[in-house]
1. Using DSSP to define loop residues, name the chymotrypsin sites (Phe, Trp or Tyr not before Pro) in the stretch 1-98 whose beta-carbon has at most 14 other beta-carbon atoms within 10 Å.
2. Measure up LYS13/LYS169; LYS129/LYS169; LYS129/LYS149; LYS145/LYS169 against 26 Å on the Cα-Cα distance and list the ones that go over.
3. Just from the alpha-carbon atoms, what are the Rg and Dmax of the chain in angstroms?
4. Mind listing P(r) for the stretch 22-118? All alpha-carbon pairs, 10 Å bins, whole percents.
5. Sequence gap at least 6, Cα distance under 8 Å: using those rules, report the relative contact order of the chain to the nearest whole percent.
6. Can you list the GluC sites (Glu not before Pro) in the stretch 61-126 that are in a DSSP coil and have 14 or fewer other beta carbons within 10 angstrom?
7. Apply the Debye scattering formula to the stretch 86-170, with a single equal point scatterer on each alpha-carbon and no solvent, then give log10 I(q)/I(0) at q = 0.11 Å⁻¹.
8. Can you tell me the dipole magnitude for the chain around its Cα centre, using point charges on the Cβ only (Lys, Arg +1; Asp, Glu -1), in Debye to the nearest 20?
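Only the coordinates and a few stated rules stand behind these numbers; no lab work does. Remember, predicted model here, so these are calculated numbers, not experimental data. Reconstructed Cβ throughout: ideal geometry from the backbone, glycine too, with neighbour counts over all protein chains shown.
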Amino acid sequence: TDLTLHDIYPSDKDEVFISGSNSSTLDGILLKGSFNAMKTFVNSDVSNIGNIENNLVGELATVWLERNGTIYTGGNEIFWHKNSQWNYLNSLKNVERGFIKSIRGNAGNDIFLVGYRNTLLHFNGIDWKHVGIDFDPASPIILNKVEIKNNLAVAVGRYNRQAIIIILKR
């Protein structure tokens, strides 16, 4: 691919998933592979609005694989894949947020999303809540990556030209 690769996540089956995109064209790609070969798992582009069976819509800046095998990916939108079918993450439809740069979780009922405009969201299995500093559509804060393990979540990014680290502990 000639798209920029952004994120990587391993499966329990000695495979990796790699997401990539081109922010100028709003195209994306999700690669799946192992040590021997890498192939396209799904493409995304803006011409596919309304039909996500074979292609997704927009950039794919992040990828996360839940323990039960559900794959999450996205940027402009978040999509999930299970049982050979793609769907929008509908629980995010009315949640105020910026572009998503990273998704990680402990399970499907414990997910964090981070991104532009100080987007820092947690899903508890019922609904999404902003955590840390409130979301602000004019905020210059960009959170690039989130990692979670057990009761600790850490998000990193930048505020103007300064590094920012947000540590959340239950």
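1. In loop regions of the stretch 1-98 (DSSP not H, G, I, E or B), the sparsely surrounded chymotrypsin sites (Phe, Trp or Tyr not before Pro) are PHE35.
2. Numbers: LYS13/LYS169 30 Å; LYS129/LYS169 15 Å; LYS129/LYS149 19 Å; LYS145/LYS169 17 Å.
With Cα atoms farther than 26 Å apart: LYS13/LYS169.
3. When restricted to the Cα atoms of the chain, Rg and Dmax are 15.3, 45 Å.
4. 15, 50, 31, 4, 0
5. Details: 428 pairs, mean separation 20.1, N = 170.
That works out to 12 percent.
6. Those satisfying the criteria are GLU96.
7. -0.26
8. 520
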